[in-house]
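Written below as structure tokens is the structure these notes are about.
The values are calculated or read from the model by the stated rules, or taken from the named source; none is laboratory data. Given the structure is predicted, the values throughout are model-derived calculations rather than measurements. Using ideal geometry, Cβ is built from the backbone for each residue, glycine included, and neighbour counts are taken over all protein chains shown.
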Amino acid sequence: MGTTRAILCGYYGKGNGGDEALLATLLQMLPESVTPIVLSGNPQQTYRRYGVESCDRFSAFHILGAMKKSDYFIWGGGSLMQDVTSLTSPFYYGGLMALAQKQGLKTIAWAQGLGPLKRPVTQWLTRQVLSYCKAVSIRDRASAKLLADWQIKNLLSPDPVWALKAKTYSGLGDLHAPRVAVILRPHPQLTPQRLHCLTSALISFQKATEATILLVPFQPVRDLKIAEAIAAKLPRVSRIITLDDPRELKGLFQGIEMTIAMRLHGLIMASSERCRCFALSYDPKVSQLMAEIDIPGWELENIPDDPNLICRVWLDYFANGIALNLAQVESFSDRAKLHGEMLRHAIVTP
């Protein structure tokens, strides 16, 4: 690592497999001449996992100290600027970007998925900080359109996790095939009635296929209760799998035949390992991915209320669905690597 220092800012150290995968990919793509400082919700864990300097994302003292010794500030992927869940996210990330710019750091927005931005103030803040960035890369067409409307130059490429190097997961050897992964998360539209309906459909699906069901909480602090509730009702073999290393989490899907998922990066990881995917969309970013790579599924609010119908659709896809072919996966991976090319062009080192 070199003398050029860059602060990496994202939803890191919060136990979310998708955001950890973005961090792992960013570190993978970062030029070797750059020494990273990661803003993390768990600095010790981030240091142990990646071997890089880390500081508390909520400590103004430590953040200012990191800025004083850094040259670059990088928004590191994901939907950081959105105001649907709360106003905290856009003001936190936008505020840090603005502070970094005021401190004289060169700023980069890397692999962003912008929005939804419902409020004029968050739209204004996002536009302001992005307009002063040295480089901007984004991961979806909706964000590209927004930036085009704002006349902000950007690079559009697939989510960088397509290019994350996976580690083989060896823990499936004692679980018989076929194996089906289920990745659910809490959401207001995943009502108790809808969850009950999905669980009933999954019970019937497992009886018909004799599949091992793997329940994979991507953010255990939020997702584990749902996984446990479903596992308790399944009549045949199931297992809850939690993995801290995002590279190993991606490798898990090398041994899985089909994935039913809400989470965006669950679908990306599974698709990139040529696993058939069925989506349950709770967010425009998931719906955009479904359209881009032709993943079947439902919007949460449109899930059928008949478990037998859900099961029949799953069984038909299980029997007849086709995963992405190798050429398609390589295309997404190669194009995702353009986020790394952008970093290499934007970061000037001594």
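Evaluate the following for residue 5: is it surrounded by 22 or more Cβ atoms within 10 Å (Cβ to Cβ), among the charged types (D, E, K, R) and at pLDDT 95 or above?
On the way: surrounded by 22 or more Cβ atoms within 10 Å (Cβ to Cβ): no; among the charged types (D, E, K, R): yes; at pLDDT 95 or above: yes.
So residue 5 fails the test.
What is the number of the single condition among (1) at pLDDT 95 or above; (2) closer than 21 Å to residue 283 by Cα that residue 96 does not meet?
Condition (2) is where residue 96 drops out.
So residue 31 passes all but one of these: (1) surrounded by fewer than 19 Cβ atoms within 10 Å (Cβ to Cβ); (2) within 22 Å of residue 162 (Cβ to Cβ); (3) within 18 Å of the chain's Cα centre (by Cα). Which condition number does it fail?
(3)
Could you tell me how many of the residues in the stretch 131-151 are under 22 Å from the mean Cα position of the chain (by Cα) and in contact (Cβ under 8 Å) with a residue 24 or more places away in the chain? Break it down into steps so the answer makes sense when it comes.
Let us first name the residues in the stretch 131-151 that are under 22 Å from the mean Cα position of the chain (by Cα), namely 135-147.
Adding the requirement that they be in contact (Cβ under 8 Å) with a residue 24 or more places away in the chain leaves 135-143, 146-147.
Total meeting the criteria: 11.
Could you grab me the full set of residues in the stretch 233-263 that are out of contact with any Leu (no Cβ under 8 Å at 6 or more places or on another chain) and more than 20 Å from residue 314 (Cβ to Cβ)?
Selection gives 244, 245, 248, 251, 254.
Looking only at the stretch 40-66, count how many residues are crowded, with 19+ Cβ neighbours inside 10 Å and part of a loop (DSSP other than H, G, I, E, B).
Looking only at that region, the number is 1.
Of all residues in the stretch 122-175, how many are over 28 Å from residue 329 (Cβ atoms), in contact with a Gly (Cβ under 9 Å, 6 or more places away or on another chain) and of a type in the set (Val, Ile, Thr)?
Of the residues in that region, 3 qualify.
For the stretch 73-115, how many residues meet the condition of being over 21 Å from the mean Cα position of the chain (by Cα), polar (S, T, N, Q) and farther than 17 Å from residue 38 by Cα?
Qualifying residue count for the region: 2.
Surrounded by 15 or more Cβ atoms within 10 Å (Cβ to Cβ) and in contact with a helix residue (DSSP H, G or I) (Cβ under 6 Å, 6 or more places away or on another chain): is that true of residue 273 in this structure? Explain how you work it out, then say what you get.
Values: surrounded by 15 or more Cβ atoms within 10 Å (Cβ to Cβ): yes; in contact with a helix residue (DSSP H, G or I) (Cβ under 6 Å, 6 or more places away or on another chain): yes.
So residue 273 fits the description; yes.
Exactly one of these conditions fails for residue 158: (1) modelled with pLDDT of 95 or more; (2) surrounded by fewer than 23 Cβ atoms within 10 Å (Cβ to Cβ). Give me its number.
So the condition that residue 158 fails would be (2).
Let me confirm something: among 222, 194, which residue is farther than 16 Å from residue 273 by Cβ, assigned by TED's automatic domain parsing to the domain that holds residue 278 and touching a helix residue (DSSP H, G or I) at 6+ places or on another chain (Cβ under 8 Å)?
Working: 222 fails: touching a helix residue (DSSP H, G or I) at 6+ places or on another chain (Cβ under 8 Å).
Step by step, each of 222, 194 is checked, and only 194 is farther than 16 Å from residue 273 by Cβ, assigned by TED's automatic domain parsing to the domain that holds residue 278 and touching a helix residue (DSSP H, G or I) at 6+ places or on another chain (Cβ under 8 Å).
Can you find a residue in the stretch 209-222 that is part of a loop (DSSP other than H, G, I, E, B) and closer than 23 Å to residue 336 by Cα?
Of the residues in the stretch 209-222, the ones part of a loop (DSSP other than H, G, I, E, B) are 210-211, 216-219.
Those left that are additionally closer than 23 Å to residue 336 by Cα: 218.
There is at least one residue in the stretch 209-222 that is part of a loop (DSSP other than H, G, I, E, B) and closer than 23 Å to residue 336 by Cα.
Of 322, 310, which residue is of a type outside the set (Lys, Arg), modelled with pLDDT of 95 or more and over 16 Å from residue 198 (Cα atoms)? Full working, then the answer.
Working: 310 fails: over 16 Å from residue 198 (Cα atoms).
Exactly one of 322, 310 is of a type outside the set (Lys, Arg), modelled with pLDDT of 95 or more and over 16 Å from residue 198 (Cα atoms), namely 322.
Any chance the stretch 237-251 includes a residue that's free of Cβ contacts under 8 Å to residues at least 24 places away in the same chain and over 22 Å from residue 164 (Cβ atoms)? Before the answer, list the steps.
The initial filter retains those residues of the stretch 237-251 that are free of Cβ contacts under 8 Å to residues at least 24 places away in the same chain, namely none.
Scanning the stretch 237-251 turns up no residue that is free of Cβ contacts under 8 Å to residues at least 24 places away in the same chain and over 22 Å from residue 164 (Cβ atoms).
For the stretch 67-101, give me each residue that is in a helix (DSSP H, G or I), out of contact with any helix residue (DSSP H, G or I) (no Cβ under 6 Å at 6 or more places or on another chain) and free of Cβ contacts under 8 Å to residues at least 60 places away in the same chain.
68, 88, 89, 91, 92, 95, 99, 101
Identify all residues within the stretch 138-196 that are part of a helix (DSSP H, G or I) and of a type in the set (A, V, I, L, M); write none if there are none. Give the steps one after another, and end with the answer.
Taking the stretch 138-196 and keeping what is part of a helix (DSSP H, G or I), we get 141-149, 160-163, 192-196.
Correct list: 142, 144, 146, 147, 148, 161, 163, 195.
Given the residues 123, 128, which is the only one that is part of a helix (DSSP H, G or I), surrounded by fewer than 17 Cβ atoms within 10 Å (Cβ to Cβ) and not basic (Lys, Arg)? Quick ask: steps written out before the conclusion?
Working: 123 fails: surrounded by fewer than 17 Cβ atoms within 10 Å (Cβ to Cβ).
When all the criteria are applied, what remains is 128.
Can we say residue 168 is β-branched (Val, Ile, Thr), at pLDDT below 95 and within 28 Å of residue 17 (Cβ to Cβ)? Outline the logic, then answer.
On the way: β-branched (Val, Ile, Thr): yes; at pLDDT below 95: yes; within 28 Å of residue 17 (Cβ to Cβ): yes.
So residue 168 passes the test.
Is it the case that some residue within the stretch 8-25 is assigned to a strand (DSSP E or B), surrounded by fewer than 23 Cβ atoms within 10 Å (Cβ to Cβ) and in contact (Cβ under 8 Å) with a residue 40 or more places away in the chain?
Step one: filter the stretch 8-25 for residues assigned to a strand (DSSP E or B), giving 8-9.
Next, from what is left, pick out any that are surrounded by fewer than 23 Cβ atoms within 10 Å (Cβ to Cβ): none.
No - not one qualifying residue is present in the stretch 8-25.
Would you check if there is a residue in the stretch 182-189 being without any contact (Cβ under 8 Å) to a residue 60 or more places away in the chain and closer than 21 Å to residue 11 by Cβ?
From the stretch 182-189, those without any contact (Cβ under 8 Å) to a residue 60 or more places away in the chain are 186, 188; that's our starting set.
When the remaining residues are screened for being closer than 21 Å to residue 11 by Cβ, the result is 186, 188.
Taking every residue of the stretch 182-189 in turn, at least one turns out to be without any contact (Cβ under 8 Å) to a residue 60 or more places away in the chain and closer than 21 Å to residue 11 by Cβ.
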